[in-house]
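Engineer: Provided herewith is a single structure, encoded as C-alpha cells, for subsequent inquiry.
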Amino acid sequence: MTLPPLLNLPNEGSYLNHFNRVYRPRASSIVTFDGIVVKFSRENFYHAFYTESIRGSGVKDTFSFGRAERMDWIRYVLASDSMELYRRVMTSRKIRRISLEASTPYAVVIELRNNNANIAGFVTAYIPGPRALANMKSNPRW
C-alpha cells in the first residue's frame, strides 16, 4: 500500500475544514485495523499541525503546512496492519500506541481511554527526527 498524496490546500482554514470533515464527524469514527475506535477533537488540530516558533518553548504557535499536508496519512497509518507498533506507558500511567510507517518515517500516536483497549484518542502525527525515532523504537512492540 502506498501513502495517500499530500494535501495541497490554500490556507490554514482549508486544512481545519478538511480535518473537521474527515476526522470529526459524529456519525463515523476512524477504526484501526485491529478494532480500536479513535476519537479526534478540535484541539488535536492545533497540537498536531502547529509547531513552536521558538524551539523548546512548549508553545505551538505556528501553523505547519508540512505537517498539515500529511493529514490524510493519519487514517492510512491507523488502518494499515503493516505498520510497526510500539507501546509507551507515560509517567501518568496512560498507555499510548505509536504506529510507525517506517519508510518515510511517519508516526501516529493514540492514547487509550481509561485503559480501555477499544477506545483511544488521537494525540499527534509527525515525521520523527533521528532522535525521536530511536526513542520510539526503544519502546516495547505492541
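Engineer: Work out the charge dipole of region 49-135 with +1 on the Cβ of Lys and Arg and -1 on the Cβ of Asp and Glu about the Cα centre, then indicate which of Phe63, Val77, Ile95 is farthest towards its positive end.
Structural biologist: Toward the positive end, the furthest listed residue is Ile95.
Engineer: Also: Rank the residues Val31, Val109, Val38 as a footprinting-exposure proxy: fewest other Cβ atoms within 10 Å of their Cβ go first.
Structural biologist: Val31, Val109, Val38
Engineer: Now for a different question. Search the structure for amide H atoms under 5 Å from the amide H of Arg113, placed 1.01 Å from N in the peptide plane, and list their residues when 5 or more places away or on another chain.
Structural biologist: So Arg113 has HN proximity to Ile119, Ala120, Gly121.
Engineer: Grab the Cα-Cα distance for Glu43 and Ala134, subtract it from 0.36 nm times how many residues apart they are, and report the gain in nm with one decimal. Don't jump to the answer; show the numbers that get you there.
Structural biologist: Working: separation 91, 0.36 × 91 = 32.76 nm, distance 2.74 nm.
In short, 30.0 nm is gained.
Engineer: Would you mind working out the magnitude of the charge dipole of region 1-83 relative to its Cα centre, with +1 at each Lys and Arg C-beta and -1 at each Asp and Glu C-beta, to the nearest 20 Debye?
Structural biologist: Details: 10 positive and 8 negative charges, 44 e Å.
That gives a dipole near 200 debye.
Engineer: Just for the chain, what percent of DSSP beta bridges are antiparallel, to the closest 5? Mind showing how you got there, number by number?
Structural biologist: Details: 25 of 28 bridges.
Here the antiparallel bridges make up roughly 90 percent for the chain.
Engineer: Can you tell me the Rg and Dmax of the chain, counting just the alpha carbons, in angstroms?
Structural biologist: Final numbers for Rg and Dmax: 14.6, 40 Å.
Engineer: Relative contact order (percent) for the chain, with alpha-carbon contacts under 8 angstrom and 6 or more residues of separation?
Structural biologist: Details: 228 pairs, mean separation 32.0, N = 142.
After rounding, I find 23 percent.
Engineer: Please list the non-local residues whose amide H lies under 5 Å from the amide H of Ile30, H modeled 1.01 Å from N, same-chain partners needing a gap of 5 or more.
Structural biologist: The list, which skips near neighbours in sequence, is Val38.
Engineer: Continuing with this model, one more query. Starting at the first residue of region 35-46, write each ³J(HN,Hα) from the Karplus equation 6.51 cos²θ - 1.76 cosθ + 1.60 with θ = phi - 60°, in whole Hz, x for Gly and Pro.
Structural biologist: Computed from phi, the couplings for region 35-46 are x, 7, 7, 9, 9, 10, 10, 4, 4, 4, 4, 6 Hz.
Engineer: Which net charge results for the neighbourhood of Ile30, defined as the other residues with beta-carbon distances under 12 angstrom from its beta-carbon, given Lys and Arg at +1 and Asp and Glu at -1? Don't skip to the answer; put the middle values down first.
Structural biologist: On the way: positive: Arg24, Lys39, Arg75; negative: Asp72.
Net local charge, Ile30 excluded: +2.
Engineer: While we're on this one: Find me the longest stretch of the chain that has none of the exposed trypsin sites (Lys or Arg not before Pro), where exposed means in a DSSP loop (not H, G, I, E or B) with at most 13 other Cβ atoms within 10 Å.
Structural biologist: Values: sites that count: Arg26, Arg55, Arg93.
It runs 94-142.
Where a number appears in this text, it was derived from the coordinates with a stated rule and is not lab data. Since this is a predicted model, take the numbers as computed values, not measurements. Note: ideal-geometry Cβ built from the backbone for every residue, glycine included; neighbour counts use all protein chains shown.
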